[in-house]
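Single-structure report; data block below.
The values are calculated or read from the model by the stated rules, or taken from the named source; none is laboratory data. Please read all numbers here as calculations on a predicted model, not as lab measurements. Positions of Cβ are backbone-derived with ideal geometry, glycine not excepted, and every protein chain shown enters the neighbour counts.
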């Protein structure tokens, strides 16, 4: 009768092979299921031109006096008068705000040196109104005591509703592009894989010009023209490819 002798090294190798095989089998099975789903990524764009219906104008009230307190008292009186004058036209006081208040020494610079002439106080008042009411607001503000006006910014009050529709249009544009791109391969875009709104903008045209009290006369003669703004939306979309 033959006798079989077991080697410790041989037994260890057999056990290791069994364990390794048991570990490798699920990995091979899992790799079969890890194939990536084919997708297509496209950008969609939509834009529209709108006519601004709101305007923001900044009025300035300045005063120079011998002391800072006197300058502030005078400019405060003038600023309050401007606010009261435009309040009835604007109707909503939330559209009127004091955007800047400052007081500083006023010097005369000569060859002999620097001479303090007094103190200058400045108050800036920002007023938001309809474009239609803007000429009347300018006229009333300068009549009440405004000493200057700095620029006009135009806005469109219905931007939110426009943006909602533009996003829908941009999504439709993206799907159309995906359909055209896949049609050559006899495939179609399937369910949505991802979407991102890349860009939305509402350009605001701003006049940087500054006007003195002569703007009161100008407002009576100039036809306020807000122009046209372009509102646009861009989206990035991925679809699963149906083959």
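The test for being within 28 Å of residue 130 (Cβ to Cβ), part of a strand (DSSP E or B) and at pLDDT below 80 holds for residue 207.
Number of residues in segment 56-76 that are assigned to a strand (DSSP E or B) and under 39 Å from the mean Cα position of the chain (by Cα) equals 9. Taken over segment 40-55, the criterion of being under 22 Å from residue 238 (Cβ atoms) and surrounded by fewer than 16 Cβ atoms within 10 Å (Cβ to Cβ) is satisfied by 41, 43.
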